[in-house]
Amino acid sequence: MIVEKTKLDGVAILTPKRFGDARGFFCESWNRQAMAAAGFDIDWVQDNHSMSERTGTLRGLHFQAPPHAQAKLVRCGRGALFDVVVDIRRGSPTFGQWAGAELSFENGRQILVPEGFAHGFVTLQPETEIIYKCSDFYAPEADGAVLWSSCGVDWPLEGDPVLSEKDAAAPALADFDGPFTWQQP
């Protein structure tokens, strides 16, 4: 597995090795031993899978607050998306900064999103599927969001995104009083 660190501490882009032949390919999208050896020892408890019909569908920027904060391991099962992670930990030297990567079925890349970061994506192709592992169970009372357009993200959009009402009404980062506080390592 290739591990690329980003400018945000703990956020990494992972590319599992693919073994292919005339039938297609095989890869281990997650392996506890390999992840622990790379410094990511996370206990995953839930897998999620969503599909977006239209190109330009933007979901996020989402997080779950403590005590149900979630780390996520995100990949694209079909199509392509631009995936974004924003640091929302108060006091962090990278607060409000973002990292992004194109994830697609073809490139097999994944992004590791630690607790304390908001996550979102925009679809680059129709019928794009996103599959991700979570380190805690979904808890509606812990669900939160930051306005997608308030963090300076360079979204690859042509026109207005397709948004949910919740995402369109999320608070801007400048008005956000988040539940996460940075702890110096």
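Coordinate-derived values only; no laboratory data. Keep in mind that this is a model prediction, so the values were computed, not measured. Neighbour counts are summed over all protein chains in view; Cβ atoms, including those assigned to glycine, are modelled from backbone coordinates with ideal geometry.
Taking every residue in the range 115-126 that is free of Cβ contacts under 8 Å to residues at least 60 places away in the same chain and pairing it with any residue that is assigned to a strand (DSSP E or B) and of a type in the set (Gly, Ala, Ser), at least 6 positions away or on another chain, the pairs with Cβ-Cβ distances below 9 Å are ALA118/GLY60; ALA118/GLY144; ALA118/ALA145; HIS119/GLY60.
When GLY96, GLY178 are checked against the criterion of being surrounded by 14 or more Cβ atoms within 10 Å (Cβ to Cβ), in contact with an Asp or Glu (Cβ under 7 Å, 6 or more places away or on another chain) and either of a type in the set (Phe, Trp, Tyr) or farther than 23 Å from CYS27 by Cβ (or both), a single residue qualifies: GLY96.
Residues of the range 24-82 that are free of Cβ contacts under 8 Å to residues at least 60 places away in the same chain, in a loop (DSSP other than H, G, I, E, B), exposed (fewer than 12 other Cβ atoms within 10 Å of the Cβ) and of a type outside the set (D, E, K, R): GLY39 alone. The residues of the range 68-101 that are over 17 Å from ASN48 (Cα atoms) and in contact with a Pro (Cβ under 8 Å, 6 or more places away or on another chain) amount to a single one, PHE82. Among residues of the range 102-121 being buried (at least 21 other Cβ atoms within 10 Å of the Cβ), in contact with a Leu (Cβ under 6 Å, 6 or more places away or on another chain) and not hydrophobic (A, V, I, L, M, F, W, C), the one that is farthest from THR55 (Cα to Cα) is GLN110. Filter the range 134-185 down to residues that are under 17 Å from the mean Cα position of the chain (by Cα) and of a type in the set (Asp, Glu) and give me whichever is farthest from ASP47 (Cα to Cα). Result: ASP154. The combined condition, being farther than 30 Å from GLY159 by Cβ and either hydroxyl-bearing (Ser, Thr, Tyr) or touching a Pro at 6+ places or on another chain (Cβ under 8 Å) (or both), is fulfilled by ALA65. When residues in the range 5-23 are screened for being aliphatic (A, V, I, L, M) and either in a strand (DSSP E or B) or free of Cβ contacts under 8 Å to residues at least 24 places away in the same chain (or both), 4 of them pass.
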